[in-house]
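Novice: Before I ask anything, here is the structure I am working with.
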Protein chains: 2
Amino acid sequence: MSEKIGFIGLGNLGLPVATNLIDAGYTLQVYNRTASKAEPLVAKGAQQVTQPADAVTTGGIVVTLLWDGAALENIVTSSGFLEQLGPNGIHISMGTVLPETARKLAAIHEQHGSTYVEAPIFGRPEAAATKKLWIPYTGSQQAKERVQPLLKAMGGQGIFDFGEEVGAATIVKLVGNFLIVSAGYSMREALSMAEKNGVDPQAIVDMLTQTLFPAPIYQSYGRMIAEKSEPFGESEIPLKDVDLLKKTAQQAESPTPISNFLHDLLSTDLN
Amino acid sequence: MSEKIGFIGLGNLGLPVATNLIDAGYTLQVYNRTASKAEPLVAKGAQQVTQPADAVTTGGIVVTLLWDGAALENIVTSSGFLEQLGPNGIHISMGTVLPETARKLAAIHEQHGSTYVEAPIFGRPEAAATKKLWIPYTGSQQAKERVQPLLKAMGGQGIFDFGEEVGAATIVKLVGNFLIVSAGYSMREALSMAEKNGVDPQAIVDMLTQTLFPAPIYQSYGRMIAEKSEPFGESEIPLKDVDLLKKTAQQAESPTPISNFLHDLLSTDLN
């Protein structure tokens with residue numbers, strides 16, 4: 001596996017995912033805005049570059065894992081990225097963006113003869129380190145076949161094919177994150193009520209996760225809440241993801257009462 | 001198992017639960033406000049009575065499965081119920097009420113020498129018929145030991161002990177139902193958004209229930225939503241249960257932003 005892979009975006013999730021690729025034997029060319037983040041990868045043999053386009057190999061595969069759609073668009077439209085990727089090149093975009101951003105970028109890649117595959121990641125950094133990620137993906141059949149081994153090497157314990165119309169996997173990701181946020185905040189409210197009534201929250205979590213909700217999300221967030229740590233900490237990710245779902249729903253004229261409400265609740269929490 | 005059990009409340013859930021008891025060999029004395037509902041049980045040998053107190057055997061066990069706290073209080077304080085139950089009698093209350101109602105009734109029973117056990121049921125009528133109920137319960141240790149075989153015979157695949165302080169099992173039930181309602185409505189909003197964006201809701205449910213949410217609730221409600229049937233139909237149960245949680249939280253000065261919101265959302269839905 002000596003194929004040279006470009007990897008752009010070494011944040012909390014990007015770093016363990018890129019590390020998995022190196023450990024699986026891939027050669028990496030890495031770029032990150034804050035260069036020092038690349039150090040652990042360079043120590044493992046990754047080649048660090050100073051411009052996003054320099055991470056791209058013509059006809060090869062470049063992975064991006066960026067904070068939002070604006071950062072992603074910046075990289076793609078930055079000097080040389082698309083020209084360097086060229087015909088037969090594949091861009092695997094793994095951050096969470098608006099479906100319309102994904103569709104727009106897919107069209108731009110097509111104009112340049114390359115292929116955009118969306119493969120947003122479900123999983124915290126710890127799950128990346130233990131290769132327990134879930135990845136829905138969408139893109140051309142040929143490109144998907146080519147990137148599948150790479151997604152597994154990144155730590156995808158399950159890869160789910162959502163067809164060829166880019167936007168679909170992003171929507172799956174938005175649905176999943178929204179359900180996580182809704183479940184997490186609902187647990188927080190209900191378990192606080194229980195505790196103020198003298199009932200041990202952990203005992204409730206134990207019962208409910210053996211019965212109605214035998215789901216990792218309920219187990220992990222439930223335990224965090226019972227232990228008085230905020231399920232989402234100070235993270236802005238839940239608010240960002242709820243907003244993306246809300247905007248996507250509103251563009252399609254789908255009602256958003258819960259998204260609106262969670263937006264307000266989470267905004268208040270962060271202030 | 002010839003012990004004579006009183007059973008009051010033969011609604012959608014009460015009827016299959018009582019049927020399980022008869023099928024397990026118990027002798028039942030049944031009461032229901034609408035008498036005709038008892039017919040299937042009478043056909044199986046149950047003795048039908050015309051007053052709630054007549055279903056009660058002194059020193060025995062009487063089960064109630066009633067719509068709300070007001071109905072439950074009416075039965076308990078109706079002529080002769082507590083006197084007939086007498087010393088060593090046990091009342092298993094299985095409907096969902098306010099914890100404070102449960103505590104109040106527990107105290108009244110104690111004054112009469114009898115014991116109140118709360119054992120609210122998680123499960124739809126179909127789950128009762130297939131003996132797939134989950135039952136948290138609270139009450140005196142001695143009473144719990146005596147009623148445990150009965151709860152299993154009713155269809156409890158899992159019985160969870162929440163101590164001796166009545167109110168705790170009711171709180172567990174309120175937490176569970178609130179999380180079901182929150183998850184169900186959140187799924188409805190998110191999957192509608194997905195469908196309006198051209199993504200098959202069932203495909204999303206299939207992925208999410210194999211990964212983040214491998215829970216019966218997400219599977220069954222997700223399928224219902226994908227098939228365009230309302231997860232909670234025209235039922236008033238979700239609204240009632242959210243209200244009970246909200247009131248219980250407010251009495252304990254625990255914040256209720258999501259309960260308030262769901263209350264408004266569900267009220268609108270029912271209008």
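Novice: Quickly run through region B:35-83 and pick out the residues that are assigned to a helix (DSSP H, G or I) and hydroxyl-bearing (Ser, Thr, Tyr).
Specialist: Scanning region B:35-83 gives a single hit, B:Ser36.
Novice: Just need a number here: residues in region B:7-44 that are over 22 Å from B:Trp134 (Cβ atoms), crowded, with 19+ Cβ neighbours inside 10 Å, in contact with a helix residue (DSSP H, G or I) (Cβ under 8 Å, 6 or more places away or on another chain) and of a type outside the set (Val, Ile, Thr).
Specialist: 5
Novice: Are there helices (runs of 4 or more DSSP H) fully within region A:161-271 with at least 3 residues that are touching a Leu at 6+ places or on another chain (Cβ under 9 Å) and in contact (Cβ under 8 Å) with a residue 24 or more places away in the chain? List them.
Specialist: Because the criterion is at least 3 residues that are touching a Leu at 6+ places or on another chain (Cβ under 9 Å) and in contact (Cβ under 8 Å) with a residue 24 or more places away in the chain, the helices (runs of 4 or more DSSP H) in region A:161-271 that meet it are A:168-196, A:216-226, A:237-251, A:257-270.
Novice: A further question follows. I'm told B:Ser114 meets every condition in (1) closer than 18 Å to B:Pro52 by Cβ; (2) within 14 Å of chain A (Cβ to nearest Cβ) except one. Can you identify the failing condition by its number?
Specialist: All conditions pass for B:Ser114, except number (2).
Novice: If you don't mind, another one. Could you list, in sequence order, the residues of region A:184-198 that are of a type in the set (Asp, Glu) and more than 7 Å from chain B (Cβ to nearest Cβ)?
Specialist: Of everything in region A:184-198, just one residue is of a type in the set (Asp, Glu) and more than 7 Å from chain B (Cβ to nearest Cβ), namely A:Glu195.
Novice: I'm checking my understanding of the structure. Among residues of region B:214-245 that are more than 7 Å from every other protein chain (Cβ to nearest Cβ) and of a type in the set (Val, Ile, Thr), which one is nearest to the chain's Cα centre (by Cα)?
Specialist: Checked region B:214-245; the qualifying residue nearest to the chain's Cα centre (by Cα) is B:Ile237.
Novice: Quick one: which residue in A:Gly113, A:Gly95 is in a loop (DSSP other than H, G, I, E, B) and either touching a Leu at 6+ places or on another chain (Cβ under 8 Å) or surrounded by 24 or more Cβ atoms within 10 Å (Cβ to Cβ) (or both)?
Specialist: Exactly one residue qualifies, and that residue is A:Gly95.
Novice: Scan region B:167-183 and give yes if some residue there is under 21 Å from A:Leu244 (Cα atoms), buried (at least 18 other Cβ atoms within 10 Å of the Cβ) and facing chain A (nearest Cβ under 9 Å), otherwise no.
Specialist: The answer is yes; a qualifying residue exists.
Novice: Shifting gears a bit: Give me a count of the residues in region A:90-117 that are touching a strand residue (DSSP E or B) at 6+ places or on another chain (Cβ under 7 Å) and over 16 Å from A:Trp67 (Cβ atoms).
Specialist: 9
Novice: Name the residues in region B:4-36 that are farther than 24 Å from B:Ser78 by Cα and of a type outside the set (Val, Ile, Thr), would you?
Specialist: If the condition is that a residue be farther than 24 Å from B:Ser78 by Cα and of a type outside the set (Val, Ile, Thr), then B:Pro16, B:Asn20, B:Leu21, B:Asp23, B:Ala24, B:Gly25, B:Tyr26 are the ones that fit.
Novice: Of the residues B:Thr256, B:Thr248, B:Thr211, which is closer than 24 Å to A:Trp134 by Cβ, polar (S, T, N, Q) and within 7 Å of another protein chain (Cβ to nearest Cβ)?
Specialist: Selected residue: B:Thr211, the only one of B:Thr256, B:Thr248, B:Thr211 that is closer than 24 Å to A:Trp134 by Cβ, polar (S, T, N, Q) and within 7 Å of another protein chain (Cβ to nearest Cβ).
Novice: Here is a list: B:Leu10, B:Leu28. Which entry is at pLDDT 95 or above, of a type in the set (A, V, I, L, M), farther than 21 Å from B:Glu145 by Cβ and in a loop (DSSP other than H, G, I, E, B)?
Specialist: Step by step, each of B:Leu10, B:Leu28 is checked, and only B:Leu10 is at pLDDT 95 or above, of a type in the set (A, V, I, L, M), farther than 21 Å from B:Glu145 by Cβ and in a loop (DSSP other than H, G, I, E, B).
Novice: Mind checking whether some residue in region B:131-149 is buried (at least 21 other Cβ atoms within 10 Å of the Cβ), within 7 Å of chain A (Cβ to nearest Cβ) and not aromatic (Phe, Trp, Tyr)?
Specialist: yes
The values are calculated or read from the model by the stated rules, or taken from the named source; none is laboratory data. This structure is a prediction, so every number in the text was calculated from the model and none was measured. No Cβ is skipped: glycine too gets one built from the backbone with ideal geometry, and neighbour counts run over all protein chains shown.
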